[in-house]
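Structure, as structure tokens:
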Amino acid sequence: QKEVEQNSGPLSVPEGAIASLNCTYSDRVSQSFFWYRQYSGKSPELIMSIYSNGDKEDGRFTAQLNKASQYVSLLIRDSQPSDSATYLCAVSSGGSNYKLTFGKGTLLTVNP
Amino acid sequence: GAGVSQTPSNKVTEKGKYVELRCDPISGHTALYWYRQSLGQGPEFLIYFQGTGAADDSGLPNDRFFAVRPEGSVSTLKIQRTERGDSAVYLCASSFAGANNEQFFGPGTRLTVL
């Protein structure tokens, strides 16, 4: 059973702080890694994808991947109350690029 | 452009009934996926289409679940003899084919089996 593990939270940060979200995965052959944001009652929204080791920045978001440690993270700089949501880590599994295994998500609350 | 659309947004049915859930992918996306999400869980993979054919249906829980995509665009997920445990949000996603498989989700159909 391929697994993706995330702390369920809640993770609470003050407005303007950096939020750090972490994810570990068990499938060593995974090639594609994604972060989705999900507001309560809504569907997941893709915010970042990363495929190679290192950092990838997009605006206030930075994804970090370490395949040797089977670890992927998401940093959110200058956190805003509108960032309050559940963040889902998704990893391609089974040697494919299309089949995603999701973690249970981390609930982030940004306090004004 | 338009995103993935799903109908209906909500479906309430009785145990033992048949339901159909529809997904219309983003124009130009050849790959289509169905996932199921229960409360407090991440989405769970059900089936993947590349074009008209189901390339991977390993996530379908049993033979009561079936999906089609006859013209390579719209897909229908069909559930026979529904059970209360089938209650969940059914999510459809689509993507371009290829190595960088960014999947974009529709709004989902909330299925409630009474």
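What to note about this one:
- For the protein assembly as shown, with +1 on Lys and Arg beta carbons and -1 on Asp and Glu, the positive-most of A:THR86, B:LEU39, B:GLY28 along the dipole: B:LEU39
- With neighbours defined as other Cβ atoms within 10 Å of a residue's Cβ, the residues A:ILE47, A:ILE76 order from fewest to most as A:ILE47, A:ILE76.
- Calculated from backbone phi, Karplus (6.51, -1.76, 1.60) coupling profile of the stretch B:17-33 in Hz, x at Gly/Pro: 7, 9, 9, 10, 10, 10, 9, 10, x, 5, 4, x, 7, 8, 9, 9, 10
- Vicinal HN-Hα couplings computed from phi for the stretch A:94-106 (Karplus, 6.51 cos²θ - 1.76 cosθ + 1.60; Hz; Gly/Pro x): x, x, 10, 9, 9, 8, 9, 10, 9, x, 7, x, 10
- Calculated FRET value between B:GLU102 and A:ASN66, using beta carbons and R₀ = 30 Å, to 0.05: 0.90
- Cα-projected label distance for A:SER12 with B:VAL12, points at 7 Å along beta-carbon direction, nm: 3.6 nm
- Tail fraction, Cα-Cα pairs, the stretch B:10-74, threshold 14 Å, whole percent: 63 percent
- Proximity of backbone amide H atoms, modeled 1.01 Å from N, is registered between A:SER32 and A:SER92 at under 5 Å, excluding neighbours fewer than 5 places apart on the same chain.
- A Förster distance of 35 Å, applied to the separation of the beta-carbon atoms of B:ASN62 and A:ASP55, puts the FRET efficiency at 0.25.
- Among A:VAL72, B:VAL12, the ranking by other beta carbons within 10 Å of each residue's beta carbon, starting with the fewest, stands as B:VAL12, A:VAL72.
- Filter on A:LYS2/A:LYS42; A:LYS99/B:LYS78; B:LYS17/B:LYS78; A:LYS42/B:LYS15 - keep pairs with C-alpha separation over 22 Å: A:LYS2/A:LYS42; A:LYS42/B:LYS15
A short reminder: the numbers here are calculations on the coordinates, not readings from a lab. Because the structure is a prediction, the values reported are computed rather than measured. Using ideal geometry, Cβ is built from the backbone for each residue, glycine included, and neighbour counts are taken over all protein chains shown.
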